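Asker: Let me give you the structure first, and then I'll get to my questions.
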């Protein structure tokens, strides 16, 4: 279901980030959806990666729930 949601979002013109989080058993895998390659990260990477994703994909319209 996640794949279908991401494919629909990309085809609608939304920008995706190239990381996702899952359990440790999937950490390090990559998934290709269309032309987008997504790296699967484990729980231990979450805090460091989220900070950098917020910085790289900042948006003045507060889509991340932050001001």
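Each reported figure results from applying straightforward, stated rules to the coordinates on display, with no laboratory input. These numbers come from a predicted model, not from an experiment.
Asker: Gain in length, residue 7 to residue 53, computed as 0.36 nm per residue apart minus the alpha-carbon separation, to one decimal in nm?
Answerer: 14.6 nm
Asker: Follow-up. Can you give the relative contact order of the chain as a percent, counting alpha carbon pairs under 8 Å and 6+ residues apart? Before the final figure, lay out each step's value.
Answerer: On the way: 63 pairs, mean separation 16.6, N = 67.
Once normalised by length, the contact order is 25 percent.
Asker: So what are the radius of gyration and Dmax for the Cα set of the stretch 2-56, in Å?
Answerer: 11.6, 32
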